[in-house]
1. Once label points are set 7 Å from the Cα along Cα→Cβ at both Asp124 and His328, what is their separation, rounded to one decimal in nm?
2. Among 309-317, 97-105, how do they line up by average Cβ neighbours within 10 Å per residue, starting with the highest?
3. Got a number for carbon plus sulfur as a percent of the stretch 286-383's accessible area, 1.4 Å probe?
4. Full-extension gain between Ser251 and Asn392, please, as 0.36 nm times their residue separation minus the C-alpha to C-alpha distance.
5. Return a whole-number percent for the relative contact order of the stretch 154-228, with Cα pairs under 8 Å and 6 or more residues apart as the contact set.
6. Of Leu476, Ser568, Asn284, which is farthest on the positive side of the dipole of the chain, counting Cα position, with +1 on Lys and Arg Cβ, -1 on Asp and Glu Cβ, and the Cα centre as origin?
7. How big is the charge dipole of the chain about its Cα centre, in debye rounded to the nearest 20, if each Lys and Arg gets +1 on its Cβ and each Asp and Glu gets -1 on its Cβ?
8. Which helices pass in the chain if a helix is a full DSSP H run, must span at least 20 angstrom along its long axis by Cα, and must have mean Kyte-Doolittle hydropathy not below -1.0?
Amino acid sequence: MMEQFAYAGIRFADIQILRYHLDGFDNLTVKQKIYAYCLAKATLWGRDITFDQMGIYNLRIRKLMEVVYFDVKDFGDSKNVEALREYLYKVWFSNGIHHHYGGEKFIPGFSPDFLIKAVMNIDDDRLPLFSGETPEKMLEQLLPVIFNPDTLSKKVNQNDGEDLVVTSAVNFYEGLTQQEVENFYAKVKEKDGLQPPSWGLNSKLVKKDGNISEIVWKADGMYGKTISKIIYWLEKAKEVSENNQQKKVISLLVDYYRSGDLRTFDEYSIEWVKSTEGNLDFINGFIEVYDDPLATKATWEGIVEYKDLEATKRTRLISDNAQWFEDHSPVDERFKKSEVKGVTANVVCAAMLGGGEYPSTAIGINLPNADWIRTVHGSKSVTIGNLIDAYNKAAHGNGFREEFVADAKMLECLENYGDLCDDLHTDLHECLGHGSGQMLPGVDLDALKAYASTIEEARADLFGLYYIADQKLVELGLLPNMEAYKSQYYSYLMNGLLTQLTRIKAGNRIEEAHMRNRALISRWVLDHADGAVRLEKRDGKTFLIIDDYPRVRQAFASLLAEIQRIKSEGDYPQARQLVEKYAVKIDPVLHQEILDRYARLNLAPYKGFLNPRLQLVRDELGKIVDVVADYSETYEQQMYRYSHDYSVELP
């Protein structure tokens with residue numbers, strides 16, 4: 001059966017859709033499967049929140065495009081219909097009208113006249129109109145947003161020297177400047193205690209008639225009707241949870257969704273860290289701040305997961321040795337934790353993805369994000385094994401390595417150790433990297449501002465890169481020999497210097513935090529590894545050459561020490577200097593070369609996933625006797641079903 005499973009699915013624009021398999025799901029008990037089913041429902045209900053957070057017009061545009069596409073797709077102007085299809089597919093994938101990774105706005109391939117004509121031939125009651133609004137008035141508002149490249153052009157603007165709030169399209173702030181937002185939260189933080197909550201995490205900040213107020217995302221506030229649906233399914237899940245700790249976690253999350261109180265969210269996060277028994281776990285809520293230019297507001301996301309018990313032996317071995325890794329880190333002793341607490345790590349299988357984790361998702365997660373909770377109570381890390389497996393199977397034999405790797409010896413090394421070391425670096429990044437180090441007393445947790453996400457991801461990546469070349473991993477049985485790590489050093493630096501540029505349009509800068517992190521590390525090492533790393537031109541093609549791997553490791557160690565110092569001391573000027581120098585600009589000649597070489601491979605640089613459809617099986621008396629995974633749904637069918645089944649009225 002597994003050999004026949006189709007991982008690769010539809011492709012459009014620069015995106016390929018994959019399927020992931022629920023390996024081992026059939027081995028769960030019926031009660032555990034029902035628990036997963038209820039958590040999955042709570043995960044799917046958050047989708048519209050994410051759409052609205054990514055831009056104030058996103059939901060209206062998505063709903064409009066869905067109505068128009070399904071009205072005209074079987075007849076009419078085939079060229080415009082096909083362009084409409086691709087536009088809608090991209091909007092579905094990105095949870096809005098901006099690229100999910102690069103952040104630039106999609107410009108439709110169909111004409112405004114085509115859209116106007118289609119809309120005017122659709123009954124008003126099928127259109128996403130506000131009360132009393134005419135189709136003409138709706139189009140007057142939406143046409144510039146859809147077609148004008150200068151209107152809301154960038155989802156998240158990180159350009160140094162510009163007003164990041166005013167120039168970002170995300171729907172976290174309304175009517176404010178960056179300075180006004182920073183001043184508002186500076187005053188809020190004056191009341192901070194020793195363990196401050198993440199102020200602003202779950203709210204929209206609005207200025208109206210000169211007054212600034214927070215609109216909290218909670219059951220009786222903004223997104224209330226959708227949050228109430230999430231609460232309903234969380235309550236259902238609590239009834240079939242595996243143990244009392246899971247019940248306590250769900251109860252606190254529900255209390256938080258009802259009150260919007262961030263101190264309750266911290267209580268929930270602490271209990272979630274303690275919830276390590278049982279096979280199933282979940283993430284549900286306003287979690288990551290990558291989509292906010294000021295790294296304050298959190299995007300809604302959800303994942304349902306269950307343990308891969310065999311693969312978890314690897315991550316448990318890493319987490320059991322967390323104190324050794326912390327003690328031997330190359331950073332200043334002032335920034336090390338004297339006692340690493342509560343590092344719990346698992347390899348899991350995803351059972352459902354939602355919100356900011358769907359269709360494009362992370363393959364490793366470490367939470368909670370609050371530094372004081374990590375220090376006092378610890379953290380939980382997961383590596384999502386069945387997603388990694390789907391990526392690997394879909395990429396097998398696609399010619400990418402052969403095009404960009406410098407020689408046959410490294411190709412063999414990557415073939416032998418590449419997947420193993422990729423998994424191990426992810427484990428080290430999530431299990432140890434994010435949980436390592438400590439802030440100095442009195443340092444503002446938001447001191448690094450717009451550069452915080454890039455610096456934090458660089459810190460975790462460097463921790464993994466430094467230790468993946470350590471003899472300790474061979475002693476623990478995690479690596480077969482001291483040659484294997486070279487595959488990770490080569491693939492990481494090749495990606496940061498060269499191949500991640502395939503994800504960026506010619507003329508654009510690097511915008512996304514993870515991409516900036518990889519560029520920062522790779523370019524810094526190119527400059528500071530004393531010639532151990534170089535780029536070499538062969539027959540018009542640029543290749544990475546590594547001449548001295550131990551020296552590269554020392555460069556990683558030096559940069560890790562500096563990045564940890566920057567975070568621990570809240571050194572904003574140096575964070576800014578590093579990111580702006582190494583992580584943002586692109587050599588246009590090199591960029592075009594990489595794009596041309598990649599184009600000849602005819603590959604999609606971005607991947608995302610279809611969810612399986614979990615379906616209840618009942619006996620003749622109506623009792624649930626099983627939950628089964630159906631993989632037959634197409635991309636279009638799934639996206640339209642989600643829009644129909646998991647959506648309430650516009651905010």
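1. 7.3 nm
2. The peptides rank, most packed first, as 97-105, 309-317.
3. Percent of accessible area from carbon and sulfur atoms in the stretch 286-383: 49.
4. Answer, rounded to one decimal: 47.0 nm.
5. 20 percent
6. With unit charges placed on the Cβ atoms, the residue in question is Asn284.
7. The calculation lands at about 180 debye.
8. 30-44, 58-72, 78-94, 224-239, 244-259, 408-427, 452-467, 513-528, 549-569
The values are calculated or read from the model by the stated rules, or taken from the named source; none is laboratory data. Quick caveat, the model's predicted, so the values are computed rather than measured. Here the Cβ is made from the backbone with ideal geometry for all residues, glycine too, and neighbour counts use every protein chain on show. Side chains included, ligands, DNA and RNA excluded: accessible areas come from the protein's heavy atoms. Shrake-Rupley method; radii C 1.70, N 1.55, O 1.52, S 1.80 Å.
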